[in-house]
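Here is the structure we will look at.
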Amino acid sequence: MNILVTGGLGYIGSHTCVELAKNGHSIIIVDNLANSKAETLDRLAEITGARMAFYRVDVTDHSATAEVFASHDIEGVMHFAGLKAVGESVEKPLAYYYNNVLGTITLAKLCLEYGVNKFVFSSSATVYGDQPSPLHEGMELGTTTNPYGETKAISERILADTAKANPDFAVRLLRYFNPVGAHESGLIGEDPNGIPNNLMPYVTRVAKGLLPGLRVFGADYDTPDGTGVRDYIHVVDLAEGHVAALEKLAPGTSVVNLGTGRGTSVLELVRTFEAENGVAVPYEIVGRRAGDVAVCFADASRAARELGWKAKRGLREMVRDAWRFETRGSGAEGRRSAT
């Protein structure tokens, strides 16, 4: 199939492009490079042996995005493009609502206009709010604890209502948890512009000496070591889950968690990283961060049952692959100057 991948040069999008290519799909990438890098396109070509079509377009721009639809026989959309930092969303809610919700509306309208009936949406476990884990798809959407999560919940409702009104439209809402790690080649990984908002790239840059130390937000949660517990999933497992979700789409709306089903605390991840890679990660405990919850991990049984998918890679592989990407050398000086 010809698949439009929005945010395809970003962290999860780029790894999904690799897995799509491995499974014989043709890829058209749209990315505004707000939190990604153009050179990722070359790295995708090196990994896959194929040059993917690329448009530097913001999906909130209806006319520019429509030109992409008009230029290709698109058969499905995978929508990753969006702002994604919980803490930043609390500080800049309007930017998150504008970018994330309008982008989803624009793509849904263009899908209907151009007869594209397959849509895989990058949602998030944040839509569950602060409910007891393990989180399962049968739960009602919770009261989200931050604007980022609310934009995902709103987008889910928009897509579900679109599918309800258009019986041929097939939507898969993928609620995933905390992707970490990198491609085994070391060519692509999590490489945000500026200071990282997510835990793993912050850890790798502290370990490399690019940042002075890690701030651990809160050590007084009701967890085994007091730090927040999350379901960390290898990004390649996550990408494989997206391909399975696309290839098993049926009309209507379906919701699937993508996670490991296991919770790991921040300090457990840091200590595993240190042990596996033989490097120190200095850290300090600071106050809790607005919008965070104490514990969040998945019930991943529906993904196994409906998609035939299960996470295969463990925490040790996640931290090793993340460190390989950071220490590979390519782009390291650019990352140094950006931090």
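The values are calculated or read from the model by the stated rules, or taken from the named source; none is laboratory data. Quick caveat: nothing in here was measured; it's all calculated off a predicted structure. Glycine also receives a Cβ, built like all others from the backbone with ideal geometry; neighbour counts cover every protein chain displayed.
Answer yes or no as to whether Gly252 is touching a helix residue (DSSP H, G or I) at 6+ places or on another chain (Cβ under 9 Å) and surrounded by 16 or more Cβ atoms within 10 Å (Cβ to Cβ). The answer is no for Gly252.
Restricting the first member to region 109-122 and to residues that are touching a residue at least 60 places away in the same chain (Cβ under 8 Å), and the second to residues that are surrounded by fewer than 15 Cβ atoms within 10 Å (Cβ to Cβ) and among the charged types (D, E, K, R), the beta-carbon pairs closer than 7 Å and six or more apart or on different chains are Asn117/Asp168.
The rows are residues; the columns are (1) of a type in the set (Gly, Ala, Ser); (2) farther than 30 Å from Asn117 by Cα; (3) assigned to a helix (DSSP H, G or I); (4) at pLDDT 95 or above.
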| site | (1), (2), (3), (4) |
| --- | --- |
| Leu249 | no, no, no, yes |
| Arg271 | no, yes, yes, yes |
| Val281 | no, yes, no, yes |
| Arg288 | no, yes, no, no |
| Asp292 | no, yes, no, no |
| Ala304 | yes, no, yes, yes |
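Among the criteria (1) polar (S, T, N, Q); (2) outside any helix (DSSP H, G or I); (3) not assigned by TED's automatic domain parsing to the domain that holds Val171, the one Thr253 does not fulfil is (3). Based on what the data block shows, is Val295 under 29 Å from Val90 (Cα atoms), surrounded by fewer than 20 Cβ atoms within 10 Å (Cβ to Cβ) and of a type in the set (A, V, I, L, M, F, W, C)? Criteria met by Val295.
Looking across region 92-107 at every residue that is surrounded by fewer than 24 Cβ atoms within 10 Å (Cβ to Cβ) and among the hydroxyl-bearing types (Ser, Thr, Tyr), the one that is farthest from Asp31 (Cα to Cα) is identified as Tyr97.
From the list Ala70, Ala64, Ala45, which one is closer than 19 Å to Phe119 by Cβ, assigned by TED's automatic domain parsing to the domain that holds Ala245 and outside any loop (DSSP other than H, G, I, E, B)? Working first, answer last.
Values: Ala64 fails: closer than 19 Å to Phe119 by Cβ; Ala45 fails: closer than 19 Å to Phe119 by Cβ.
Of the residues listed, the single one that is closer than 19 Å to Phe119 by Cβ, assigned by TED's automatic domain parsing to the domain that holds Ala245 and outside any loop (DSSP other than H, G, I, E, B) is Ala70.
Among the numbered conditions (1) modelled with pLDDT of 95 or more; (2) not in a helix (DSSP H, G or I), the only one that Ala34 does not meet is (1).
Only residues that are over 28 Å from Phe177 (Cα atoms) and among the acidic types (Asp, Glu) were counted across region 47-96, and they come to 3.
Filtering region 122-138 to residues that are modelled with pLDDT of 95 or more and either of a type in the set (A, V, I, L, M) or in contact with a helix residue (DSSP H, G or I) (Cβ under 6 Å, 6 or more places away or on another chain) (or both) leaves Ser123, Leu135, Glu137.
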